[in-house]
Amino acid sequence: MLELLSPGGTMEMVREALRAGADSVYVGPLGWSRREAAYELPHHQILEVVQMAHDQGAKLRVALNADIENADHGEMMQKVEAYARWGVDGFIMKTPEAMRTVHARFPEITIHASVGCNVRDRAAMERVKEAGATQFVASTALNTYERIATLKRTADEVGIGVELLIHSNRCVTGVGGCRLYDYFAPYFEEETVHDSDGSTRIKLIGNPDKGGVCYRPCLGTHIPQIAEKFPAKVLTYLEKSNNEIYALLEDVPKYIALGVTTLKIQGREYPAPLIAQLTKIYRRLIDQTKNGMADVGAARAALDPVVAERDECRNAKTQKLHERLMAKVSEDLHRRLVTQMETTDWDPNSEEARLRRAESRG
């Protein structure tokens, strides 16, 4: 049965998404998902949202989709055991060994292979299915109906469900396949988060696979200090690429006819009312399609102003992330300048010293 899956970055967003008609909502526990802690929920609140979803006939998915090392499986399973007791309906996961561990203990619970698994072909499908996944989120690199239809046919042969991000960020290499943040590894920042069950977790800000927010350097090539970190060929590629919204609205009726398992809306970091509007638009179109009366034109007319608001929110967020990155770059430049002064015959009055000081101030 088709599922409309909406984000739950806050308690308010969970409520709004459910009221707007989401069949299920996904949330991230503190420190374990690919988001900032501000858009994750503490342990005790996950119990509350499970009850909230079930009271409205909906499901609750928990995103454990950051990289999870084998050494962390014990702590992970303490949380998973609690979520299973509370009746959580599924887990969104990225790390195959972690999937295997969860699936071995709770084979009846749905496991979504996260978009971070970068599933684009049969081999990747077979790999995540063997690990315990019952469905996978297709990479946004697959952005046409023809490519997605081909993927769905292969998934049917493999015996695994297909989940589509119908409203997301495109990402230059497809969400799930990007490693551009590696060029900025010197500026990653550790953040320790403390959950309400007494556990702690370290997130690496700048690296989404380690539970931190990405600095989005691919959107900052107009900033010289960011652009210079990329090799010339990567910079050329970025300047020609498309990193705008990824929305499959026009083809939603076709995807429903294909028999996809889940249609997913991305956006835990957006305002709750905006997510409610997106959920309502897609809910209406899905219901119209099921009744044989899909009005894609009306859905597009309703979606456009919401997208404009979404883009405004995203641009503001991106600017803050770039400012955060630039602050780290400036700190690094200042640190290197001080080190050079302390270890060499550095003339603080030289022209080079003046330029370095100016550069470190941004």
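Taking 7 Å steps out from each Cα toward its Cβ at TYR237 and ARG122 produces label points 2.7 nm apart. Of all DSSP beta bridges located in the chain, what percent are antiparallel, nearest 5? Rounded to the nearest five, the antiparallel share is 25 percent. In order along segment 93-110, the phi-based Karplus estimate (6.51 cos²θ - 1.76 cosθ + 1.60, θ = phi - 60°) of 3J(HN,Hα) comes to 9, 10, 8, x, 5, 5, 4, 4, 5, 5, 5, 4, 7, 10, x, 7, 8, 5 Hz; Gly and Pro are listed as x. On full extension of the chain, what length is gained from TRP86 through ARG147, given 0.36 nm per residue of separation minus the C-alpha to C-alpha distance? Contour length minus Cα-Cα distance gives 18.1 nm.
Candidate cross-link partners of LYS79 among the aspartates and glutamates, defined by an alpha-carbon separation under 16 Å and a same-chain spacing of 8 or more, comprise GLU40, GLU48, ASP67, GLU69, ASP89, ASP195, ASP197. Using Cα centres only, tell me the gap between segment 48-86 and segment 106-155 in whole Å. If we compute the Cα centre of each part, the gap is 21 Å.
Here the Karplus relation 6.51 cos²θ - 1.76 cosθ + 1.60, evaluated at θ = phi - 60°, turns the backbone of segment 128-140 into coupling constants of 6, 5, 4, 6, x, 6, 9, 7, 9, 8, 5, 4, 6 Hz, with x for every Gly and Pro.
Among ILE202, PRO7, GLN319, which residue has its Cα furthest toward the positive end of the charge dipole of the chain, with +1 on Lys/Arg Cβ and -1 on Asp/Glu Cβ? Sorting the options by dipole projection puts first PRO7.
A simple charge model with +1 on the Cβ of Lys and Arg, -1 on the Cβ of Asp and Glu and nothing else charged puts the dipole of the chain at about 660 debye relative to its Cα centre. For GLN135, the residues whose modelled amide H falls within less than 5 Å of its own, excluding neighbours fewer than 5 places apart on the same chain, are ILE111, ALA113, GLY161.
Working out 0.36 nm times the residue gap between THR318 and ASP55, then minus their Cα-Cα distance, what length gain in nm do you get to one decimal?
Here the answer is 91.1 nm.
At full extension, ASP67 and ALA104 could sit 11.4 nm farther apart than now, given 0.36 nm per residue minus the alpha carbon distance. Between the amide H of GLU3 and those of THR262, LEU263, distances stay under 5 Å, these residues lying 5 or more places away or on another chain, with hydrogens modeled in the peptide plane.
Readers should treat all values here as calculations from the given coordinates under stated rules, not as data from a laboratory. Quick caveat, the model's predicted, so the values are computed rather than measured. Here the Cβ is made from the backbone with ideal geometry for all residues, glycine too, and neighbour counts use every protein chain on show.
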